[in-house]
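Let me begin by presenting the structure, written as structure tokens, before commenting on it.
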Amino acid sequence: MEKNTSVVHGRIKKRKALEEAHSNPPFSFDELSQDLLEIVLSWLPASSFLRLRSVCKRWSSVSVSPTFQIACSQIPFRDPWFLMVDHELNQSVIFDTSEGNWKNLIRPAGFNQVKRIAIASCDGLVCFRHTLGGFEVCNPVTGTCRKLPLPDLAQPLHAVSMSFDKDSSFSSYRVVLVSGELPNLSFRMFSSDKNKWEEEVMLTRQAGDSSETDIAGGGETVYFLSKSGEVVATNMLRSPSKEFSSVLAIENGEEIVYFLSQSGTVLACNLSKRNFYEHPRLLPFYSEYSIDVVVCKGEMMVVVLSEFLETASLRVWRFGKGSKSWLQVAAMPPSMSHEFYGRKADINCAGCGDMIFVCLNSINFSSCVICNVVENVWTELPKCVVNGKAKEFVSAFSFEPRLEACV
């Protein structure tokens with residue numbers, strides 16, 4: 001009798017629950033005002049929003065709403081995407097860190113990627129360089145592009161970097177070109193607001209800079225014998241996508257562009273003070289190693305792949321301003337880095353937030369690794385397979401997927 005009573009009571013409770021559900025239906029997004037809907041959707045990862053905007057016409061119209069773009073600009077940070085470049089300079093794949101997978105990048109109609117190559121990036125934009133020397137800035141998420149006026153460059157180009165103006169809500173940016181022959185360097189800056197290149201500014205050598213490499217030696221090439229008996233030159237050979245690679249950091253309110261000299265030292269151009277200086281060499285010039293410069297945690301760091309005592313090491317270093325020496329920040333576990341020994345691999349890196357994306361490749365080897373600098377955690381990424389074949393990438397450019405970033 002008690003059993004039957006409990007069953008009856010259970011049915012009554014279930015029926016009441018169903019009646020309450022019908023009288024109080026689940027929450028619907030249709031009940032949200034347009035402003036509130038845009039705020040909610042602005043917090044979605046870019047990949048999720050791009051998929052969900054096909055749910056209905058209302059959600060699709062949100063992507064072009066000016067108020068939605070303002071809401072998106074209030075999001076302080078988005079998990080980065082990395083635009084990948086392979087040996088054939090194809091740039092149609094990205095790695096999405098929010099979902100941890102590879103994606104095909106949809107290009108705008110008429111975009112001919114064979115005639116242009118990515119050379120710089122910042123926040124939500126990527127800068128491309130044409131084979132004829134022109135520049136174009138694109139938002140990889142929206143596909144919008146803008147061709148820049150041709151700059152008047154009389155001296156060899158060394159570095160290209162980008163930055164958004166402060167408090168511009170991703171609507172105003174600058175492109176910086178550093179050119180000249182050491183020690184006679186200069187820079188020119190493109191303003192998206194003015195749509196023109198500003199006048200060339202000469203850079204002077206910082207007082208007290210007593211470096212004795214490129215600046216003192218005139219950038220002359222030095223040759224030496226490697227451990228295997230091969231003749232090696234001190235001049236660096238960069239892949240086309242990293243030929244003008246540089247990073248821009250804000251230090252004490254001053255804009256500083258960092259890039260590698262031909263011999264592998266780090267040059268710093270202070271745009272605010274209009275001077276430059278050279279950091280001391282991390283390893284002896286006769287050492288065989290691969291190096292790249294990144295901005296991580298808001299400061300300049302270098303990633304170095306070197307060989308020593310029959311093994312390889314991959315380490316991250318920062319420059320201590322007080323000690324004026326290089327300090328180790330992170331190191332790949334030896335069990336992982338030993339795989340690179342003897343492969344003569346080259347590294348090309350991109351930093352964003354607390355992470356560094358590292359592309360390692362040689363003639364018969366390719367790997368992509370992400371390092372969390374804060375936790376010193378190194379993760380090797382799965383191969384990107386397209387049409388049954390694993391792609392090999394030579395470099396990557398980081399950007400935040402921002403629909404609101406204007407070109």
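Within the option set Ala345, Ala331, being at pLDDT below 90 and open to solvent by 10 Å² or more (accessible area, probe 1.4 Å) holds for one residue only, Ala345.
Residue count for the range 281-301, restricted to those that are out of contact with any Ser or Thr (no Cβ under 7 Å at 6 or more places or on another chain) and not β-branched (Val, Ile, Thr): 11.
Residues in the range 233-265 that are part of a loop (DSSP other than H, G, I, E, B) and modelled with pLDDT under 80: Thr234, Asn235, Met236, Leu237, Arg238, Ser239, Ser263. Among the residues of the range 305-339, those identified as under 17 Å from Val377 (Cα atoms) and hydroxyl-bearing (Ser, Thr, Tyr) are Ser313, Ser335, Ser337. In the range 95-106, the qualifying residues are those that are open to solvent by less than 60 Å² (accessible area, probe 1.4 Å) and part of a loop (DSSP other than H, G, I, E, B), and the one that is modelled with the lowest pLDDT is Leu105. If the condition is being under 26 Å from Phe95 (Cβ atoms) and open to solvent by less than 20 Å² (accessible area, probe 1.4 Å), then the range 38-61 contributes Leu41, Ser42, Ala46, Ser47, Phe49. Within the range 263-291, the set of residues being farther than 21 Å from Met162 by Cβ and β-branched (Val, Ile, Thr) comprises Thr265, Ile291. Within the bounds of the range 296-315, is there any residue that is at pLDDT 90 or above, open to solvent by less than 30 Å² (accessible area, probe 1.4 Å) and among the charged types (D, E, K, R)? Checked the range 296-315: no residue is at pLDDT 90 or above, open to solvent by less than 30 Å² (accessible area, probe 1.4 Å) and among the charged types (D, E, K, R). Out of the residues in the range 27-76 meeting the condition of being among the hydroxyl-bearing types (Ser, Thr, Tyr), outside any helix (DSSP H, G or I) and over 27 Å from the mean Cα position of the chain (by Cα), tell me which one is farthest from Gly100 (Cα to Cα). The residue in question is Ser33. Of all the residues in the range 316-328, those that are of a type outside the set (Gly, Ala, Ser) and either open to solvent by less than 50 Å² (accessible area, probe 1.4 Å) or in contact (Cβ under 8 Å) with a residue 40 or more places away in the chain (or both) number 4.
The values are calculated or read from the model by the stated rules, or taken from the named source; none is laboratory data. Bear in mind that the values here come from a model prediction, so they are computed numbers and not experimental data. Please note: Cβ atoms are built from the backbone with ideal geometry, for glycine as well, and neighbour counts cover all protein chains shown. Keep in mind that these areas ignore ligands, DNA and RNA; they rest on the heavy atoms of the full protein, side chains included. Shrake-Rupley method; radii C 1.70, N 1.55, O 1.52, S 1.80 Å.
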